[in-house]
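One structure is given here, and the rest of the page talks about it.
The values are calculated or read from the model by the stated rules, or taken from the named source; none is laboratory data. Values in this document were obtained by computation on a predicted structure and should not be read as measured data. Using ideal geometry, Cβ is built from the backbone for each residue, glycine included, and neighbour counts are taken over all protein chains shown. Quick note on the areas: whole protein, heavy atoms, side chains included, nothing else; ligands and nucleic acids left out. Shrake-Rupley method; radii C 1.70, N 1.55, O 1.52, S 1.80 Å.
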Amino acid sequence: MFRTATTSSLASRFFISINHPRIAPLTVPLASLTNHAPITFDGMVQHQYSRTRDDQHHQQRKKRTGPIRFLAASSFLSWFSKKSDDENTPESQLITIIKRSILSIQKEEYQKAEQMLHLALKMAQELQSKDGITYIYDIMANLAMEVGDFAKAEKLFVNVMQRLFSDGFLEDHIKMLHISSKVAHLAQLQGHLDKAAQGFEWTLVKLEEKLKQLGDNDGKEIRELWGITKNWYAQLLMDCKRFAEAKQAFLQAYEAYTEIHGKLTEEGLTILNNLSVACSNLEDYASAERFLKEAISLAAQIPDLSEAGVYKANLGLLYLQQGLLRQASEFCTFAWRYGTQHKHEETVIQANYCLEQIKAMQK
């Protein structure tokens, strides 16, 4: 006799929902001193299991596997009243240190980045560069967010927001809305769900107002931030078990993201995976399967994508929910092999659980 696993327990406890935030752009862009180019750097992927909140927070602090881009915005703030091509000026030396700190973050050398940012902050204070100080605080906030020090990140972002207010920025300026979205996400990660919901909903309203004013051609950055915020808001709705609303928010986030970046990205696949999780919780298995199969098909076109095994394991679990043990065994066995080969712990854990459940149901 096969034992039947309850659909609700599997959906709520054992599907991986990858919290892949695609962190919003740095709030205050780096100055462009004649020949200095814009900067990008990679950050973390947080893997959020659909288990207990303690487990989620443990994973968010410890598991990072793929690249996430922190993008410098397209326009550049001028920090200094005088610009110079001389690399020996204090201003140029400051920018060099900031660039090196960002490269250290890209290499996951977080302690080194922290030390360089404190040195840069001291230099900016000595230069009395108000904008430079604000920009450094912004990088510090993003770094704290990346390493999982959410309370510190929130305090630093609030500091950046206060400094921008003092410079005359309005609450609905794009830089302010970037911070509002991040602060709401940080509240969510710390378990302050009501505060997070209020922050997300306020930010989304302001972004939608701006999109109506600007139109499609001029609102790309706002549209992207709206999609990022929708994705984070959908994760919050999942935490609150508002699965139907989460599904719609994930769909909107996916549409916004892919229209800007295309479909062959880790971030887009993550949203598809999380769409499947939402559909599973709604017992809409056909849609859950469709989204997962689309993610698997697209993942096959991205070389060395570590999360590809996670999608296979999730599909195996989806089949397990429906009592389709042969299909579940096929996909979970593949996921285990893939996770072992690529040394991807989350995939191995998920696949092992799936295979153990299959054995238990066959007794």
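Listed values, structure above:
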{"quantity": "Shape category assigned to region 83-164 from the gyration tensor of Cα positions, a/c cut at 1.5", "calculated": "oblate"}
{"quantity": "Of all accessible heavy-atom area on region 105-173, the percent that carbon and sulfur account for (1.4 Å)", "calculated": "51"}
{"quantity": "Value of relative contact order over region 268-361, rounded to a whole percent, pairs C-alpha under 8 Å and six or more apart", "calculated": "22"}
{"quantity": "Length released on extending from Asp194 to Leu251, taking residue separation times 0.36 nm less the Cα-Cα span", "calculated": "18.3 nm"}
{"quantity": "FRET efficiency estimate (nearest 0.05) - Cβ-Cβ, Gln128 to Asp304, R0 41 angstrom", "calculated": "0.30"}
{"quantity": "Calculated FRET efficiency for the pair Lys263/Ala286, C-beta based, R₀ 25 Å, to 0.05", "calculated": "0.75"}
{"quantity": "Inter-part distance where region 310-342 and region 200-250 are each reduced to a Cα centre, Å", "calculated": "32"}
{"quantity": "Lys293-Glu345 pseudo-label distance in nm [points 7 Å out on the Cα-to-Cβ vector]", "calculated": "3.4"}
{"quantity": "Per-residue SASA entry for Lys263, accessible area with 1.4 Å probe, Å² rounded to 10", "calculated": "100"}
{"quantity": "Estimated distance in nm for a label pair at Phe169 and Lys363, the labels positioned 7 Å out from Cα along Cα-to-Cβ", "calculated": "5.8"}
{"quantity": "Cβ-based charge dipole, region 130-244, positive-most Cα from Gln188, Met161, Gln213", "calculated": "Gln188"}
{"quantity": "Highest average packing first - 178-190, 329-341, Cβ atoms within 10 Å", "calculated": "178-190, 329-341"}
{"quantity": "Sites Lys112 and Glu330, calculated FRET efficiency, Cβ-Cβ separation with R0 45 Å, nearest 0.05", "calculated": "0.50"}
{"quantity": "Spin-label zone in region 240-254 - amide nitrogen under 11 Å from a point set 7 Å from the Cα of Leu211 along the C-beta vector", "calculated": "252-254"}
